[in-house]
Amino acid sequence: MTEGSRHVACVGGILHGADGRLLLIKRGTEPGRGLWSIPGGRREPEESDREAVVREMAEETGLVVEVGEHLGTVVRGPYRIADYACTAVGGTLAAGDDAADARWVDAAEFAALPLVEGLADTLADWGQTPL
C-alpha cells in the first residue's frame, strides 16, 4: 500500500504497433494468473509513475519505451493502476519477469483471449482497443 492510501500504487503501459495491434502479456502470477492484460505492475516507493512504466515494460516485455500521456486510472481490488500510452523505442519482444507470454494481438485475437476483468471495457472507453 502507498503511504496515506488504501490502494497499492501500480502502473500499466498501453502500446500499439504501427499496424494497430496491441501488446498484451499473459499473467504468470496472481492476481489474474493465466489471463491476458496490458504490461505493468507495482510502482516502487522511490519511482515516479513514468519510471515505473519504463521498468515494468522492460521487465515484462523486453521493450524499451517512451511514456506518453496518462490515459486513465482504474481500481481493481486493492490496486490503483495508472495507465499510460507508450511508444517502443528499442528492445526485442520477449516475455519476462512475471509475464508467462507476451504478444501483439489484433481485434479478433483480443476478443478471443481470456482477459483480466474489465480490460476490454476500459480500453474501449479510452479508445485503445486493437485494430
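Which members of region 44-72 meet the condition of being among the β-branched types (Val, Ile, Thr) and either at pLDDT below 95 or crowded, with 16+ Cβ neighbours inside 10 Å (or both)? Scanning region 44-72 gives 53, 54, 61, 65, 67. Which one of 21, 42, 27 is touching a residue at least 24 places away in the same chain (Cβ under 8 Å), of a type outside the set (A, V, I, L, M) and touching a Ser or Thr at 6+ places or on another chain (Cβ under 9 Å)? That would be 27, the only listed residue that is touching a residue at least 24 places away in the same chain (Cβ under 8 Å), of a type outside the set (A, V, I, L, M) and touching a Ser or Thr at 6+ places or on another chain (Cβ under 9 Å). Residue 115 satisfies every condition listed in (1) touching a Phe, Trp or Tyr at 6+ places or on another chain (Cβ under 8 Å); (2) under 17 Å from residue 17 (Cβ atoms); (3) crowded, with 18+ Cβ neighbours inside 10 Å except (2). The condition (being farther than 23 Å from residue 118 by Cα, over 14 Å from the mean Cα position of the chain (by Cα) and not basic (Lys, Arg)) is satisfied by just one residue among 54, 65, 89: 89.
Condition check for residue 9 on (1) in a strand (DSSP E or B); (2) under 15 Å from residue 101 (Cα atoms): one failure, at (2). Of all residues in region 68-93, those that are over 14 Å from residue 23 (Cβ atoms) and among the β-branched types (Val, Ile, Thr) total 4.
Does residue 85 count as touching a Gly at 6+ places or on another chain (Cβ under 6 Å) and surrounded by fewer than 13 Cβ atoms within 10 Å (Cβ to Cβ)? Taking the combined requirement at face value, the residue does not satisfy it. Residues in region 19-57 that are within 15 Å of residue 8 (Cβ to Cβ) and among the hydrophobic types (A, V, I, L, M, F, W, C): 52 only.
Looking at this structure, is residue 36 of a type in the set (A, V, I, L, M, F, W, C), surrounded by fewer than 19 Cβ atoms within 10 Å (Cβ to Cβ), touching a Lys or Arg at 6+ places or on another chain (Cβ under 9 Å) and under 16 Å from residue 129 (Cα atoms)? For residue 36, the condition - of a type in the set (A, V, I, L, M, F, W, C), surrounded by fewer than 19 Cβ atoms within 10 Å (Cβ to Cβ), touching a Lys or Arg at 6+ places or on another chain (Cβ under 9 Å) and under 16 Å from residue 129 (Cα atoms) - is not met. Checked against the criterion of being in contact with a strand residue (DSSP E or B) (Cβ under 8 Å, 6 or more places away or on another chain), closer than 16 Å to residue 27 by Cα and among the β-branched types (Val, Ile, Thr), the candidates 116, 64, 54, 75 yield just one match: 116.
The values are calculated or read from the model by the stated rules, or taken from the named source; none is laboratory data. No experiment lies behind these values; they were computed from the predicted model shown. Positions of Cβ are generated from backbone atoms using ideal geometry, with glycine treated the same way; all protein chains shown enter the neighbour counts.
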